[in-house]
Amino acid sequence: MSTDKNSEPTTIYKLDKGAVKDEWNGMPSDDIDPKLKRGSWALAWSRFIYSQFFNNQCYTTWDKLNTYRLLRLYGAGKQPIEFYMDTLLGPKSDKNNVNENGTRKGYYNVNWDIWSPCPKYKRIVIGRFESQDHSLSANAIDPISGAEREQKMYKAWADSLFAKQEAEVKKMVGLRDAQRVKYLPESLEELQMYSEMGGFKMGKEIDMEKALDYTDYISKEKRLRRRLLGDFFDINIAAAQDYFDPIDKKIKYRYIDPEYSIFDYSKENDFNDMRFWATQRLMSIKQVRIESGIPEEKLRTLALTFANVFGNPDGNYINRYSFYQYKNKDGVYVYDTYKLPIWVSEWKSVDRKYRTTRETPMGKLTFEQGGKDYGKVWDTDKRKTEIGESQNVYTANWIMGSEYVFGDGQLDLVPRDAKKNVNMTAHVYALDGPSIVEGIKENLDQIQITKLKLQNELAESAPNGIKVEFGALSNISIGGKDMKPLDVLKLYHQRGDIIYKLTDHAGKLKTYGNPIEPIKGGIGLERLEEFTKLFEMNFQMISEACGIDRTSAASQKPGEPVSATETKFAVASTTDALQPMYSGFMDIRESAARNAAYRIQTIVKYIPAAYNVYYPILGQATMQELKLSKDDSDYGIKIEALPTEQEKADARNAAQEALKPGKDGENISFGEYLLITQMVNMGQIKQAVAVLNFRLNKRKKENLQLQQQNMQLNAQTAQETEKVKIAGEIQKIKAKAIEERKTAVLVALIQKDAANDEHTQKLQQMLVANILDGSDEQQPTQQPNAPQSAPQTAAA
């Protein structure tokens, strides 16, 4: 039965070798009656999975076990010192390198303790993402939920179209709008944009996010995050599991240790196509007794089998109580605290059901085949068989090396995707290439060896001393008292004074320099610089290999100033280099959350105790909806960064600045400002910024269009004004011309004598009259019936 079940007693099985053939060599067959997929079949699967691990036929293999352990020791700065002893002193197998008591020869003055920078780099990696807080966004992606979201979206559009009429109606009937500012899109484009950014959250999506946040809380998500990131740093693979806790009836997450786990081989980084997996857990004899019901004699045998391992006492401790039925004075079995290695396995299996329909005198009769008839197929006129297939997940707890399994059977609460493919409870992710520790392992070795060599040379180097000319300090007498050379040296060390003789015993002057000269000790500046360069080179190679620059590691060279800008770029580049690790963690978390979303819906619907647990979290309305719904919603889970207080403050400041007119006159209204700040306070930074930018861009376009319209109108007005002005000028010119002509005629008439000819006088009178009243603006070019001299007279 499933480890998730809690309604039936568990059952144990011994291996029936006739039930499953070659259980160690091949994968057990799926084509057996699903009712028989327990016991021997489950034991065969458990052994098959372990055989794949032992024979290096899966991703995590027996050969990788020591590699994982060694890399983790390097990551913790606790790698074995034997490697360095063999490198510097020679292998221990060589008797010439070992003393009679078994100790190594040489390097007696060296402290062999490991000095490694690796734990610091590991803390930097984990700390880089420790302060980044994220939330899970649950978006229902099934067709029914999609239709509900679309309905909510167009409801907002309808409210936007009829907002003015609605406000007038409410005013007429005396209703007041709610204090909360309501989001109303201004166009279909904005509506679609806001919807795509998750602006129209349904109630059940919000409630599921609360449930997933609660799952993170009870699962200690931050501690789980640290362990997963640590595994990526050390061994490049990490895993977690979602499970149903039968005690408190909650869905939780727990850590899976890859070192003690088996994962099927997969070409995918997220192992989404693996067929099986298993992990080793230690369970006490007492716990195994409760869950399995194995006979006491067999439990005692298992305890003796695993004595002296897994922290268990030796077998003599148990045998000492044989005369007391292996119980202490309190009546408790003395081996109850012994731990047994349990391989908890999961695997996918295809279940086939054969349904046969038979014609009978009473009509058609359909039955499901089982027992000896399982697998038979009929295709006759009176009897036809249909075969149905479904994929399920099975599980078993196998006591390693024994013939016992318990808690075996089909796994309950298995999430399925849209295509009805089942998901196992393990969530695994492996990064490409070597891990960070594997990439810098050689440099860590070089740093440790350099440190040991430096230590040895410092220990063996001579201290600072003096060189003494002994003859110059001999035969010295002061005040009738002889001074020996050692007395002179004592005076030199105490007061720095030197007393010596320049002549020999015969009084001849000697030619020599200072009788006492200092001698400089230590390993020497040149040798020290060599060690320093070795350290610097290896630290630089570590920075290049793992992507953590020296500035972020706070180990830049002394005296080299680093600007704030350089530090900012250094931290950013470090984060970019480590991003694949965090992406792997988020993939595990998203996958686990998708399973949890499905399982939460299931347990609150079918397990009354779980309903009571989640009732205060999800609320009455959502609980009723989940309990009464026929189909569970399929949730797409995304991890989104929670906005910091600084980001919220920046968004509020941007909204406040947007109240002021921009360079093109664009701004938002006070109502829009309240809407945007309300969205910011609710954590909807992306939606708020999108609405703000959309409204500002829309105002900008509207202002530009208005400016263009005003320019066109001004141009038209200017053209009309110019036309009127030109017409007026033309009229003035015409009037001036007429006045000038009238004046010229009057002057001519005054100055000219009257014509002798009566006919000419009449013509002149008619011409003057026409000019004066403006009816004829042009003079006639010819005067009919007039004498040739008349025009000349008039012209004169």
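What the table below lists for this structure:
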{"read-out": "Which numbered condition GLY433 fails, given (1) surrounded by fewer than 18 Cβ atoms within 10 Å (Cβ to Cβ); (2) on the phi > 0 side of the Ramachandran plot; (3) in contact with an Asp or Glu (Cβ under 8 Å, 6 or more places away or on another chain)", "value": "(3)"}
{"read-out": "Qualifying position, being under 53 Å from the mean Cα position of the chain (by Cα) and not in a strand (DSSP E or B), among VAL344, VAL377", "value": "VAL377"}
{"read-out": "Identity of the residue in the stretch 337-385, of a type in the set (A, V, I, L, M, F, W, C) and modelled with pLDDT under 80, that ends up most open to solvent (accessible area, probe 1.4 Å)", "value": "MET362"}
{"read-out": "Single unsatisfied condition, GLN678 versus (1) modelled with pLDDT of 70 or more; (2) open to solvent by 30 Å² or more (accessible area, probe 1.4 Å); (3) of a type in the set (S, T, N, Q)", "value": "(1)"}
{"read-out": "Residue in the stretch 706-725 that is among the hydroxyl-bearing types (Ser, Thr, Tyr), over 30 Å from ASP650 (Cβ atoms) and either modelled with pLDDT under 80 or open to solvent by less than 70 Å² (accessible area, probe 1.4 Å) (or both) present", "value": "no"}
{"read-out": "Residue match in the stretch 114-132 (condition: in a loop (DSSP other than H, G, I, E, B), at pLDDT below 85 and open to solvent by less than 50 Å² (accessible area, probe 1.4 Å))", "value": "no"}
{"read-out": "Candidate set from the stretch 242-271 (those that are of a type in the set (A, V, I, L, M, F, W, C) and open to solvent by less than 20 Å² (accessible area, probe 1.4 Å)); member that is nearest to ASN66 (Cα to Cα)", "value": "ILE262"}
{"read-out": "Unique residue being farther than 30 Å from TYR68 by Cα and hydrophobic (A, V, I, L, M, F, W, C) when the list is LEU491, LEU431, LEU444, LEU452", "value": "LEU491"}
{"read-out": "Which listed residue, of GLY370, GLY439, is in contact (Cβ under 8 Å) with a residue 24 or more places away in the chain and within 24 Å of ALA44 (Cβ to Cβ)", "value": "GLY370"}
{"read-out": "Residue in the stretch 571-579 that is surrounded by fewer than 16 Cβ atoms within 10 Å (Cβ to Cβ), assigned to a loop (DSSP other than H, G, I, E, B) and at pLDDT below 75 present", "value": "no"}
{"read-out": "Test: residue in the stretch 228-237 that is open to solvent by less than 70 Å² (accessible area, probe 1.4 Å), over 27 Å from the mean Cα position of the chain (by Cα) and not aliphatic (A, V, I, L, M)", "value": "no"}
{"read-out": "Positions within the stretch 46-63 being farther than 12 Å from GLY26 by Cα and buried (at least 18 other Cβ atoms within 10 Å of the Cβ), in sequence order", "value": "PHE53, CYS58, TYR59, THR60"}
{"read-out": "Among residues of the stretch 23-54, those that are touching a residue at least 12 places away in the same chain (Cβ under 8 Å), farther than 17 Å from SER292 by Cβ and not in a helix (DSSP H, G or I), counted", "value": "11"}
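For (1) open to solvent by less than 80 Å² (accessible area, probe 1.4 Å); (2) farther than 30 Å from ILE294 by Cα; (3) touching a helix residue (DSSP H, G or I) at 6+ places or on another chain (Cβ under 8 Å), each residue gets a yes or a no:
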{"residue": "ILE387", "(1), (2), (3)": "no, yes, no"}
{"residue": "TYR404", "(1), (2), (3)": "yes, no, yes"}
{"residue": "VAL437", "(1), (2), (3)": "yes, yes, yes"}
{"residue": "ILE447", "(1), (2), (3)": "yes, yes, yes"}
{"residue": "LEU454", "(1), (2), (3)": "yes, yes, yes"}
{"residue": "ALA462", "(1), (2), (3)": "yes, yes, no"}
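One line per residue, one yes/no per condition, for (1) open to solvent by 50 Å² or more (accessible area, probe 1.4 Å); (2) aromatic (Phe, Trp, Tyr); (3) at pLDDT below 70:
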{"residue": "ALA655", "(1), (2), (3)": "no, no, no"}
{"residue": "PRO661", "(1), (2), (3)": "yes, no, no"}
{"residue": "GLN684", "(1), (2), (3)": "no, no, yes"}
{"residue": "LYS698", "(1), (2), (3)": "yes, no, no"}
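The values are calculated or read from the model by the stated rules, or taken from the named source; none is laboratory data. For clarity, every value in this text was computed on a predicted model and none was experimentally measured. Heads up, the Cβs are rebuilt from the backbone with ideal geometry, glycines too, and the neighbour counts pull from every protein chain shown. Protein only, heavy atoms only, side chains kept; ligands, DNA and RNA dropped before computing areas. Shrake-Rupley method; radii C 1.70, N 1.55, O 1.52, S 1.80 Å.
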